[in-house]
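A.B. asks: First, the structure itself, so that you have it in front of you.
The values are calculated or read from the model by the stated rules, or taken from the named source; none is laboratory data. These numbers were taken from a predicted model, which means no experiment stands behind them. Heads up, the Cβs are rebuilt from the backbone with ideal geometry, glycines too, and the neighbour counts pull from every protein chain shown. Remember, those area values only see protein heavy atoms, side chains included, never the ligands or the DNA or RNA. Shrake-Rupley method; radii C 1.70, N 1.55, O 1.52, S 1.80 Å.
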Amino acid sequence: RWRDFMEVLTNKVLRFISDTRFEDLPDNVIHQAKRCLLDTLGALLAGSGTPVARIMSSFATKYFRGAKATILVSGEQVSPIGAALANGYACNALDIDDGYRMVKGHPGGCVLPVLLAASESAVHLRGSDFLTAFVIGYEVAIRAGLIRHALYQKYHASGSWGAVGGAAVAGRVLGLDQNTLREAMGVAEYHAPISPMMKGIEKPSMVKDSIGWGAMVAMTSVLMAQEGFTGIEPLFSESPDKKWIEGLGNEYLILNLYFKPYAVCRWSQPAVVGVLRVVKQNDLRPQSISRIRIRTFAAAAALSCDPPKNTEEAQYNLAYPVAAALYDGQVGPSQVLPPRIFDNSLLELADKVKVEVASEFEEVFPQKTYAEVVVHTKDGRELSSGRVEPMWEPPHGLPADAELEEKFVGIVEPVLGPQKVQELARIIWGFEKMDAIKPLINACIRG
């Protein structure tokens, strides 16, 4: 009887994936899906120029040959698995993609690369179909993340649960029946990377948040299930809180995402906000600062303060982004890429940063990610930001559409140029009217 009850939860997820129609989605959810598409696609396109994206693009063209899916922005054709892999790494390469606080990770980065790869193999997929699958992916991925974190105590990376959300979107657009979809979800869960996230913080590297690998697992799992491969019972049957599943189709968690204005770890972003506040309020110059003290929660304090040797070390860092913000007024793609990460002025300023754990901030993590920045000046002043949190937090600090589009233009225009950036924005804001997905893919290809 208990097993029958638990299977009801999985069956509800499968029906949500298979049966949800575009007409079922509330207007605010459709609009949020467009915002997420604009923002996550922007992260992918901007990330395509990073070292990790170039490596994985070359890797996919060598070892995942095919002609059914596209690597952005080069336009190279590979298999759907190869495209999900390469685009997955690009999507999180700049760490500027959206997140959901209670899963401490990035649902959009896990879902979009798989959806793009699967969409190119789908039959007669329209913009409204794509947006519907995108929403489904967010809702399933976030709930898989909640369950994963409840079942496994060690903090693990986004790919561990994002693979399940990715399998949901690929299964939806490729038209899997519910039995095959169940197997695909089970295969994805079983093969998903249970990546020890804090080891990636201790030694930043290109593995990042395991999003690229999770995307590959998702796409592979769906194709395997289509061939008759079987998997375990999906994790939804183990949900410790049945309300997480019962809310599907009524409570849309996609509405509770945060967005990221800066291309660094979310945990360092309150410190960036704090130091910019101090600078603005006191008209400071970097040369007038003697030391900087950051009070924050323990996970943020675990970020390195050493001089970065590469993009990943610049992103999983607390001192460097603060120094970059002080000198440049922002921490965008150019601030976390060579040659800027080797600038001696920034590194000398970063060396003046000291970090401590504040018990009052630790008590509310991960629901809130607070910091306080105290700047000591050479003329003896002690200037505090007060308690701050990252920009673009739900529910009241979310960016306006115009702010998200400004971010999109700012990070994508150097990659594709102004004409294609404007074309992409126009396509996305009216995406439900599109009769095909190909125009979106074409607009994402350079040249």
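A.B. asks: Take S121 and S58, extend 7 Å from each Cα along the Cα→Cβ direction, and tell me the distance between the two endpoints in nm.
C.D. replies: 2.7
A.B. asks: When the accessible area of the chain is split by element with a 1.4 Å probe, what percent falls to carbon and sulfur?
C.D. replies: About 51 percent, which is the carbon plus sulfur part of the accessible surface.
A.B. asks: Now for a separate question. Binning at 10 angstrom from zero up to the longest distance, how are the C-alpha pair distances of the range 187-268 distributed in percent?
C.D. replies: 14, 27, 41, 17, 1
A.B. asks: Also: Figure the gain on full extension for Y152 and T377 (residue separation times 0.36 nm, minus the Cα-Cα span) and round it to one decimal in nm.
C.D. replies: 76.5 nm
A.B. asks: Could you sort the peptides 399-409, 365-375, 257-267 by per-residue average Cβ neighbour count (10 Å cutoff), highest mean leading?
C.D. replies: Output ranking for 399-409, 365-375, 257-267: 257-267, 365-375, 399-409.
A.B. asks: Next question. Which whole-number percent is the relative contact order of the chain (Cα, under 8 Å, 6+ apart)?
C.D. replies: Relative contact order here is 19 percent.
A.B. asks: Would you please give the FRET efficiency between K199 and R293, computed as 1/(1 + (r/R0)^6) with r the Cβ-Cβ distance and R0 = 25 Å, to the nearest 0.05?
C.D. replies: Result of the calculation: an efficiency of 0.35.
A.B. asks: Another question about this same structure. Any of K203/K243; K12/K154; K68/K154 with alpha carbons more than 30 Å apart? Name them for me.
C.D. replies: K203/K243; K68/K154
A.B. asks: Hey, what angle do you get for helix 319-328 against the long axis of the chain, alpha-carbon based, 0 to 90 degrees rounded to 10?
C.D. replies: Helix 319-328 and the main axis of the chain meet at about 70 degrees.
A.B. asks: Let me ask something else. Which order do peptides 193-206, 28-41 fall in by mean Cβ count within 10 Å, highest first?
C.D. replies: Highest mean packing first, the order is 28-41, 193-206.
A.B. asks: Compute the semi-axes of the equivalent ellipsoid of the chain, taking the square root of 5 times each eigenvalue of the Cα gyration tensor, and list them largest first in whole Å.
C.D. replies: For the chain, the ellipsoid semi-axes come out as 37, 24, 19 Å.
A.B. asks: Give, in nm to one decimal, the length gained when the segment between D241 and F342 is fully stretched (0.36 nm per residue of separation minus the Cα-Cα distance).
C.D. replies: 31.6 nm
A.B. asks: Ranked from highest to lowest mean number of other Cβ atoms within 10 Å per residue, what is the order of the peptides 215-225, 100-110, 177-187, 428-438?
C.D. replies: Those peptides, ordered most packed to least, come out 215-225, 100-110, 177-187, 428-438.
A.B. asks: Let me ask you something else. Tilt of helix 418-429 relative to the longest C-alpha principal axis of the chain, in degrees (0 to 90, nearest 10)?
C.D. replies: Between helix and principal axis, roughly 50 degrees.
A.B. asks: Subtract the Cα-Cα distance of D401 and S359 from 0.36 nm times their separation in residues, and report this length gain in nm to one decimal.
C.D. replies: 11.6 nm
A.B. asks: Counting each DSSP H run of 4 or more residues in the chain as -39500 (n - 2.57), what helix-only mean residue ellipticity at 222 nm follows after dividing by all residues, to the nearest 500 deg cm²/dmol?
C.D. replies: -16500 deg cm²/dmol
A.B. asks: Now a separate question. Just to make sure I understand: if all protein chains stay in place, what is the order of K68, K12 by accessible area at 1.4 Å, largest first?
C.D. replies: Sorted by accessible area, descending: K68, K12.
A.B. asks: Using only Cα atoms, what is the ratio of the radius of gyration of the range 241-307 to 2.2 N^0.38 Å?
C.D. replies: Rounded to two decimals, the normalised Rg is 1.68.
A.B. asks: Right, here's the next one. What's the local net charge at R172, with K and R +1, D and E -1, over the other residues with C-beta under 14 Å away?
C.D. replies: Once positives and negatives cancel, what remains is -1.
A.B. asks: Counting Lys and Arg as +1 and Asp and Glu as -1, what is the net charge of the other residues whose Cβ lies under 14 Å from the Cβ of A436?
C.D. replies: With Lys, Arg at +1 and Asp, Glu at -1, the net is -1.
A.B. asks: Grab the other residues whose beta carbon is less than 14 angstrom from that of D283, score K and R as +1, D and E as -1, and report the net.
C.D. replies: Summing Lys/Arg as +1 and Asp/Glu as -1 gives +3.
A.B. asks: Can you give the accessible area of D379 in Å² (nearest 10), computed on protein heavy atoms with a 1.4 Å probe?
C.D. replies: Roll a 1.4 Å probe over it and D379 shows about 110 Å².
A.B. asks: What accessible area per residue comes out for the chain, rounded to a whole number of Å², with a 1.4 Å probe?
C.D. replies: It amounts to 39 Å² per residue over the chain.
A.B. asks: Convex hull over the alpha-carbon atoms of the range 74-150: what's its volume per residue in Å³?
C.D. replies: For the range 74-150, the hull spanned by Cα atoms encloses 104 Å³ per residue.
A.B. asks: Mind checking the angle between helix 159-173 and the chain's longest principal axis? C-alpha axes, 0 to 90 degrees, to the nearest 10.
C.D. replies: 40
A.B. asks: Just the number, please: percent antiparallel of the DSSP beta bridges in the chain, rounded to the nearest 5.
C.D. replies: 70
A.B. asks: Would you kindly derive the ³J(HN,Hα) couplings of the range 132-148 from the backbone phi angles with the Karplus curve 6.51 cos²θ - 1.76 cosθ + 1.60 (θ = phi - 60°), listing them in order in whole Hz, with x for Gly and Pro?
C.D. replies: 4, 5, 4, 4, 4, x, 4, 5, 6, 4, 4, 5, 4, x, 4, 5, 4
A.B. asks: Based on Cβ point charges of +1 for Lys and Arg and -1 for Asp and Glu, what charge dipole magnitude is obtained for the chain about its Cα centre, in debye rounded to the nearest 20?
C.D. replies: The dipole of the chain has a size of about 620 debye.
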